[in-house]
Amino acid sequence: MLSQNTPNKLSRRNWLRDAALATAGTVVLPSLLTGCTDHPPGLGSKPPLSQAELDLYDEAAKNLLRMRVWNDDLFIFTGAYEERVWALLKGGAEPSDWTKIIVEIFTDIGFGILEAAVEEFPGVGPIIAATATQIEKWGLEAKTEKGVDAAFGGFKAGYDDMMTAVSNSLLTLASSENNYANLQAAFAKGDIDFMGKKYTLKDLAENHFPDGSVPADSAQYEALRNTALLRFKKYIWNAMIIQAGNMTYHYLGVHEAGYYAGGANEHVRVNYYSQPGYEGSYVRGVYGGPTLDTYTFEEFYFEFDGKKLSADAAKELFIDSTPGHIINPAPNDKTKPLTGLWPRDYIYKQFHTEKPDFNGYFDVSKDEVGHSDKYLDFDPAADNYVFTGGDFPQLTKK
């Protein structure tokens, strides 16, 4: 079983929260977005750039434009995946019972997919840092509503607005007008800070962002896109399940223990997860003791507008069936899954507004061999996990 305490890597959240100042309704924008307003750069406030400086700004702008192409390409993929989520859960219809989605979620997603790209290829950090400030700008701008609410379509609208704004901002930032006035303003107050590192204009210029149209760059370009897309998939499901899912339960009855050599683990896989209607469920149980020698099981499952999580959605979401039993393992390493996003129990334990109560039932043991002491066919210790709400603790009840 994978760890139940996935660390939240969205480190920029506090910056956004602290950056807004309640002074006459105004906010302080990040240094990348502001310059000296009395004497705008490029309009006589600074001496002309030398050729070496122009070359530096030119290379930095080219990197930003390549990043913009990558951002727009990723936008196409994430948009298609949004449609896939709708189809998996509602046959294309939007869930009707979404509660308010706060704007902070979108900035978290934006920072998170950029952080994933930097973790994959640290060399693109300077360009990613410059892009992150555009997300900061979007997060701090006044919205017509304080939050995005009502339906899943609201999630799509908010995310799409952010990605579009970032694309437009990158184009503006890279403009060569007035000797790269916008880029000059961006660095007028110092270096850019992202993920605990500072980046200079020289860093931005000299760290090449891959060009998807160049064969030598294509592998890295695709890897960056896939890494960011995977992070987005996890975010959208995490938010979707917390906001629109309703976990309920069903008593499955008493069963003879010891019938399967694999104990409760095999029992649940054979009688439930491999059967129609249970593919998206989460089955827990208890041992009745040596006198009765029985297992008692209870099924937990998510519903979306009264519709049970489907088999197709389960294939998209779950790495495993029972704990430790990978559904589609890699041929050369059975511990590594080729499909799915999380262990089944992680989704059911974390994606709520508050820590769930499983009515005294426990995870089946991850051991796929039955125990002589059948109490060990269940794992009460697996409930000793830290509840976080996944990557969105701000959606949980405080």
- Query: What are the ³J(HN,Hα) values, in whole Hz, obtained from phi via the Karplus relation 6.51 cos²θ - 1.76 cosθ + 1.60 with θ = phi - 60°, for each residue of the range 199-207 in sequence order, with x given for Gly and Pro?
  - Reply: 10, 9, 4, 4, 4, 4, 7, 9, 9
- Mean Cβ neighbour count within 10 Å, used as a protection proxy, ranking 226-235, 262-271, 172-181 highest first: 262-271, 226-235, 172-181
- Straight-distance crosslink candidates among aspartates and glutamates, where the alpha carbon sits under 20 Å from LYS334 and sequence neighbours closer than 8 are dropped: GLU266, GLU316, ASP320, ASP345, ASP367, GLU368
- Query: If the range 266-398 were replaced by its equivalent ellipsoid, with semi-axes equal to the square roots of 5 times the Cα gyration tensor eigenvalues, what would those be, largest first, whole Å?
  - Reply: 24, 20, 15
- Query: Using 0.36 nm per residue, how much length does the chain from TYR251 to ASP305 gain when fully extended, once their Cα-Cα distance is taken away?
  - Reply: 17.3 nm
- Message: Can you give me the % of accessible surface on the range 313-359 that is carbon or sulfur? Probe 1.4 Å, all protein chains present, nothing else counted.
- Response: 51 percent
- Message: With the cut-off at 27 Å, tell me which of the pairs LYS234/LYS398; LYS315/LYS398; LYS198/LYS397; LYS349/LYS374; LYS198/LYS233; LYS156/LYS189 have Cα atoms farther apart than that.
- Response: LYS315/LYS398; LYS198/LYS397; LYS198/LYS233; LYS156/LYS189
- Starting from the eigenvalues of the Cα gyration tensor, five times each then square-rooted, give me the equivalent ellipsoid semi-axes of the range 214-279, largest first, whole Å. 41, 20, 8
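The values are calculated or read from the model by the stated rules, or taken from the named source; none is laboratory data. Treat the numbers as computed from the prediction; the structure is a model and nothing was measured. A quick note on method: Cβ atoms are made from the backbone with ideal geometry, for glycine too, and the neighbour counts reach across all protein chains shown. SASA here: full protein model, heavy atoms, side chains in, ligands and nucleic acids out. Shrake-Rupley method; radii C 1.70, N 1.55, O 1.52, S 1.80 Å.
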